[in-house]
Amino acid sequence: MRAMVLDKPRQPLQLRDVEKSRPAKGQLLVRIATCAVCRTDLHVVDGELPDPKLPLIPGHQIVGRVEEIGEEANSKFKVGDRVGIPWLGWTDGDCVYCRSNRENLCDRAKFTGYTIDGGYAEFVVADARFCFHLPEQYDDVDVAPLLCAGMLGYRSYRKTGDAHRLGIYGFGNAARLITQIAIYEGREIFAFTRPGDKTGQESARKLGTAWAGGSDEMPPEKLDAAIIFAPVGALVPAALRALAKGGSVVCGGIHMSDIPSFPYVELWGERAICSVANLTRRDGEEFLDIAPRVPVRTETETFPLEEANTALGRFRSGELSGTAVLLISDHPGDR
Ligand SMILES: [Zn+2]
Ligand SMILES: [Zn+2]
């Protein structure tokens, strides 16, 4: 099968013909239709995350169809079913985290496109228990960005509890998806873009945000919570200063530059800082339940599999106008 392979971090992916895996016990073999590109893929390719599997096929927002089912695989899928394969690829089910509904924190977890091979390829094998059925109303391109930007964004959003005035720093894919849900649920969104990014602010306003400005500005009202999707540590104290007492800052990214020091008085007043790690299957199911009801819309820009390096390069330099989605099978529009 064709695959884009990372031999070593900080090198372009190589187009290779690699051997197709066989589904082991409990696994599905999936023929991939599309795979959306996530910021985490950039962190992996750029060597910012420790110990990836090497060589590695990146990609963890995979949409495809079941081609073959391994022995004793979960009966919720049959051959031909459309499936979504997310970041969380496997957990031991047995550690203190898994046993307390926190499988996202499992010490032995395996991650698609990071510690196991992912979706920049024609086929992938995946543990059936971690795959999702996808809502019918989305096609293979539109649904792909929901699988990480959507699901992890949703977990970050849920961490903000019942915050009414919600700030979002870094107004990219995850922010745009979560904003649609938050507004649907009656929240007010304050969008923070790169300073001076008037186009980004304008497009945030078009989504219905209450306010949009640069991350160097203060919002017109104090916020009940803020989510940071940009990998920029300096935004943590900036967001803290925008919070009302009792508010929290949720860091939604897997990687962030160092957080500069700040006076304790800015944390005082029961303000809190936390991070969100990975996702649980339940987050994914809840998100895929609410997304079509809103309905959450995605904006995408498509690239053939062979142009994965171009997609990553344009993501890195901030030139994409939507989520990059790699087209892999011949009929990406088929349901
Ligand atoms: Zn575990
Ligand atoms: Zn991701």
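Could you please find all residues in region 170-225 being touching a residue at least 60 places away in the same chain (Cβ under 8 Å) and of a type in the set (Asp, Glu)? Across region 170-225, the qualifying residue is only Asp224.
Looking only at region 87-119, filter to residues that are surrounded by 15 or more Cβ atoms within 10 Å (Cβ to Cβ) and in contact with a Cys (Cβ under 6 Å, 6 or more places away or on another chain); which one of those is farthest from Val37 (Cα to Cα)? Across region 87-119, the extreme among qualifying residues is Cys95. When region 2-22 is filtered for residues that are at pLDDT below 95 and either surrounded by 14 or more Cβ atoms within 10 Å (Cβ to Cβ) or in a strand (DSSP E or B) (or both), the ones remaining, listed by number, are Lys20, Ser21.
Of all the listed residues (Phe315, Phe303), the sole one being in contact with a Lys or Arg (Cβ under 8 Å, 6 or more places away or on another chain), surrounded by 15 or more Cβ atoms within 10 Å (Cβ to Cβ) and not aliphatic (A, V, I, L, M) is Phe315.
Please work out which residue is farthest from the chain's Cα centre (by Cα), limiting yourself to region 51-66 and to residues that are within 15 Å of ligand 2 (Cβ to nearest atom) and in a strand (DSSP E or B). It comes out as Leu56. Considering Ala149, Ala163, Ala144, the condition of being under 30 Å from Ala242 (Cα atoms) and within 14 Å of ligand 2 (Cβ to nearest atom) is satisfied by Ala149 alone. Gly196 passes every criterion in (1) outside any loop (DSSP other than H, G, I, E, B); (2) over 14 Å from Val276 (Cβ atoms) apart from (1).
If we scan region 225-235, do we find a residue that is modelled with pLDDT of 95 or more, part of a strand (DSSP E or B) and at positive phi? Looking for residues that are modelled with pLDDT of 95 or more, part of a strand (DSSP E or B) and at positive phi, one finds none in region 225-235, hence no.
Annotation note: Cβ proximity below 8 Å between a residue of region 93-107 that is under 12 Å from Arg282 (Cα atoms) and more than 16 Å from ligand 2 (Cβ to nearest atom) and a residue that is assigned to a loop (DSSP other than H, G, I, E, B) and modelled with pLDDT of 95 or more (sequence gap 6+ or interchain) occurs for Glu103/Thr91; Glu103/Gly93; Glu103/Tyr97; Glu103/Ala109.
The values are calculated or read from the model by the stated rules, or taken from the named source; none is laboratory data. The structure presented is a predicted model; accordingly, all values stated were derived computationally and were not measured. Positions of Cβ are backbone-derived with ideal geometry, glycine not excepted, and every protein chain shown enters the neighbour counts.
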